[in-house]
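J.: One structure, pasted below without further comment.
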Amino acid sequence: MKTYHLFISHSWNYGYQYNSLTTLLRNRPLFNFRNYSVPESNPIIGARTDKQLEVAIENKVKASSVVIIMMGVYSTYSKWINKEIAIAKRLGKPILAVKPYGATNTSSVVKGAADEICNWSTESVISAIRRLA
């Protein structure tokens, strides 16, 4: 069975969406993934400047086959999510935008950068990852 290498971009202020998505992926039978994300519980150690942090994130994105970004409106205003989009584009990594469950407003920035957009459901997300990887 294939293992999918994923970078899940997210804001630490909205960590519950990240946690929900990783739980959704982990609980799906017959789907394996390696998570290259930077959750609040496991930050990048040693990056003292924004440039060092950007290089560290770039290395994680480089190792990934798909970059997943939540389409919450907060994404439009996040400096780091915008940098992660730029890194993914520069490295030629496909971007999967996931509409947060029940969201009525979404980020036009993420929507414009996405190679594919899917709804918040296990099968939608898994199918999109498989198509993009």
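The values are calculated or read from the model by the stated rules, or taken from the named source; none is laboratory data. What you see is a predicted model, and the numbers here were worked out from it, not measured in a lab. Quick reminder, even Gly has a Cβ in these numbers, built from the backbone with ideal geometry, and neighbours come from all protein chains shown.
J.: Taking the range 43-70 as the search range and keeping residues that are part of a loop (DSSP other than H, G, I, E, B) and at pLDDT below 85, which one is nearest to Lys99 (Cα to Cα)?
T.: Looking at the filtered set, the residue picked out is Pro43.
J.: If you scan the range 115-133, which residues turn out to be touching a helix residue (DSSP H, G or I) at 6+ places or on another chain (Cβ under 9 Å) and not in a helix (DSSP H, G or I)?
T.: Asp115, Glu116, Ile117, Cys118, Asn119, Trp120, Ser121
J.: Let me ask something else about it. Across the range 1-24, what is the total count of residues that are at pLDDT 75 or above and more than 21 Å from Ile85 (Cβ to Cβ)?
T.: Of the residues in the range 1-24, 7 are at pLDDT 75 or above and more than 21 Å from Ile85 (Cβ to Cβ).
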